[in-house]
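Asker: Quick one: the structure is below, questions incoming.
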Amino acid sequence: MSFQTSALILSWIAILLLALVVSGLVRQVHALSSGMVQRRPESVGLPAGTPAPGFAGLAPVPPAGPLVLLFLDPDCGTCAQVLAEAADRVGRSGLEFRVLYRDDAPARAAGLPVTVLAGQAELFDRYDAVATPFATVVDRSGRVLRAEPLGSRAALRRLLDEFDSSSPGGLGPAVATDRQGGRA
């Protein structure tokens, strides 16, 4: 076998291996973006029942229902979709929202019916929001109900439906707190 033939065979094998790797990555991205992945990384976010850092500053008046903290980044495409989903929920759910940005908030967030807080790098660290978009649901008393990264708008919708007492199948704040191992 000549050198040229060997090189050609090795090239085709390398191309085949690369195609397999790319197809696996495409499947993973699709699963994350469609919200099909149900596994929650245990090492990020605050555990359920933990007191929410800076809660008094985030909610000077205790909210009527759960408070949803959304940690977003202006350069994140999925974050824009998550922000739109939160804005759609305002006024038609029992949830309140605070949208936090590490540095500056994008201009598109200014006209939305949610409270947007820029310059919140300290809270990103205190809530262990290592990736964006990231959501933390806090009960009326200031205890974390759930904290998790979001892979899509659908993932946020599913999370909100679980804690929104006005949605079909929503647990409501008391039941959701008890289910998460916190106080009822």
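Read-outs: derived from the displayed coordinates by stated rules, not from any lab. All values reported here derive from a predicted model rather than from experimental measurement. Neighbour counts are summed over all protein chains in view; Cβ atoms, including those assigned to glycine, are modelled from backbone coordinates with ideal geometry.
Asker: Is the range 114-165 best put as rounded, prolate or oblate by its Cα gyration tensor, with a ≥ b ≥ c the root eigenvalues, rounded for a/c under 1.5, and otherwise prolate when a/b is larger than b/c, oblate when not?
Answerer: The shape class here is oblate.
Asker: Now for a separate question. So how do 123-133, 99-109, 143-153 stack up, highest first, on mean other-Cβ count within 10 Å?
Answerer: Final packing ranking: 143-153, 123-133, 99-109.
Asker: I've got another one for you. Given the convex hull over the Cα atoms of the range 55-179, what projected area results after averaging over all orientations, in nm²?
Answerer: Dividing the Cα hull surface by four gives the mean projection, 6.9 nm².
Asker: Please list the radius of gyration and Dmax for the range 1-129, considering alpha-carbon atoms only, with Å as the unit.
Answerer: Final numbers for Rg and Dmax: 22.2, 79 Å.
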